[in-house]
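The values are calculated or read from the model by the stated rules, or taken from the named source; none is laboratory data. Since we're looking at a predicted model, the values are computed, not measured. Glycine also receives a Cβ, built like all others from the backbone with ideal geometry; neighbour counts cover every protein chain displayed. These area figures cover heavy atoms from the full protein model, side chains too; ligands, DNA and RNA do not enter into them. Shrake-Rupley method; radii C 1.70, N 1.55, O 1.52, S 1.80 Å.
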Amino acid sequence: MMIPPPDAPPRLTAVRTELEATARRAGRNPQDVNLIAVSKMQGIDAIRPLLQAGHRHFGENRVQEAQAKWPQLRAEFPDVVLHLIGSLQTNKAEDAVALFDQIHTLDRLTLAEALTKAMARQGRRVPCFIQVNTGEEPQKGGVVPHALPMLIDAARTENLPLTGLMVLPPVADNPAPHFALLAKLAARHQLARLSMGMSGDAAMAISLGATDVRIGTAIFGERSATN
Ligand SMILES: *Cc1c(COP(=O)(O)O)cnc(C)c1O
């Protein structure tokens with residue numbers, strides 16, 4: 001007899017149901033919106049129930065933390081799709097290409113070059129999003145909009161697998177204009193995917209075209225500052 005799968009964690013189910021309803025209201029196919037569960041600062045025991053319930057896309061923001069958690073989980077669930085959503089140092093490009101399946105934070109030429117080299121060396125193609133700093137915040141990662149065309153050209157010249165754009169709007173701003181600008185830039189450069197929307201603004205992001213939403217708190221609860 002088959003052992004029935006455990007029930008999905010209720011918060012995951014609630015988030016999924018809400019995202020699907022939002023997509024339908026926006027006239028979009030819910031299957032065109034990929035839910036990335038952001039598991040940064042969550043331990044293996046918090047992550048495993050989602051895997052057992054069949055969820056496969058996860059986001060981490062630090063290479064080292066992901067290296068400590070995911071090899072073990074991947075041994076149990078080989079078809080996991082791991083997304084790097086935090087800023088990436090050039091000297092960690094090799095590790096990132098080895099561990100992650102998609103990278104959302106390409107934002108400069110030196111990193112494009114390092115990723116190209118790492119992918120060539122490892123014989124692995126890891127789709128990349130370019131992070132755009134639409135708020136032009138000096139402390140934040142991402143390429144400013146006016147420098148985006150140059151970075152896209154360079155990445156395409158290097159034959160880096162570009163898949164879309166990513167944004168993290170300024171916390172104090174209404175996110176809508178940032179999402180709309182990202183969608184416009186992606187369309188202009190023929191990039192299909194839009195990584196935008198978090199726990200607080202996923203509905204807005206979906207209505208403006210998000211294909212990949214990155215949701216942590218609404219799925220796992222508040223992250224504790226100590227772990
Ligand atoms: C932490 C994080 C998220 C998830 O944020 P929540 O508000 O917990 O949903 C999404 N994107 C990035 C880049 C993050 O660092």
Per-pair calculated FRET efficiency, R0 = 41 Å: Arg25 and Gln122 via Cβ, rounded to 0.05: 0.45
Where does the Debye-calculated log10 I(q)/I(0) of the stretch 1-87 sit at q = 0.13, 0.21 Å⁻¹, using only Cα point scatterers of equal weight, no solvent? -0.48, -1.06
If amide H atoms are built 1.01 Å from N in the plane of the peptide, which residues on other chains or at least 5 residues away come under 5 Å of the amide H of Val38? Gly59, Ile215, Gly216
Express in whole angstrom the spacing between the alpha-carbon centres of the stretch 12-56 and the stretch 150-225. 16
Sparse-neighbourhood loop hits (GluC sites (Glu not before Pro), the stretch 73-150; DSSP loop; Cβ within 10 Å at most 14 others) -> Glu136
Using the Karplus curve 6.51 cos²θ - 1.76 cosθ + 1.60 with θ = phi - 60°, what ³J(HN,Hα) values do you get for each residue of the stretch 201-208, in whole Hz, with x for Gly and Pro? 9, 5, 4, 4, 4, 5, 5, 9
Averaged per residue, what accessible surface does the stretch 1-74 expose to a 1.4 Å probe, in Å²? 57
Please give the peptides 118-125, 98-105 ranked by average Cβ packing (other Cβ atoms within 10 Å per residue), highest first, as a rough proxy for protection. 98-105, 118-125
Return the calculated 222 nm mean residue ellipticity for the chain, to the nearest 500 deg cm²/dmol, obtained by summing -39500 (n - 2.57) across DSSP H runs with n ≥ 4 and dividing by the residue count. -12000 deg cm²/dmol
Met150 paired with Asn91, simple spin-label distance in nm, labels 7 Å along Cα-to-beta-carbon: 2.6
Pop out the ³J(HN,Hα) list for the stretch 24-39 in order, Karplus 6.51 cos²θ - 1.76 cosθ + 1.60 with θ = phi - 60°, rounded to Hz; leave Gly and Pro as x. 4, 4, 7, x, 10, 7, x, 5, 8, 10, 8, 8, 9, 7, 7, 9
I'd like to compare 59-72, 41-54: which one has the highest average count of other Cβ atoms within 10 Å, and what's the full order after that? 59-72, 41-54
Which Cα, out of Gly142, Ala75, Val15, lies furthest along the positive dipole direction of the stretch 1-154 (beta carbon charges, K/R +1, D/E -1)? Ala75
Would you pull out the residues with amide H under 5 Å of Asn133's amide H, same chain only if 5 or more places away, H placed 1.01 Å from N? Val143, Val144
Placing unit charges on C-beta atoms (Lys and Arg positive, Asp and Glu negative, everything else neutral), compute the dipole magnitude of the chain about its Cα centre in debye, rounded to 20. 280
Tell me, what HN-Hα J-couplings in whole Hz come from the Karplus equation 6.51 cos²θ - 1.76 cosθ + 1.60 at θ = phi - 60° for each residue of the stretch 113-120, using x for Gly and Pro? 5, 5, 5, 4, 4, 4, 5, 5
Would you work out what percent of the accessible area of the stretch 34-164, with all protein chains in place, is carbon or sulfur (probe 1.4 Å)? 51
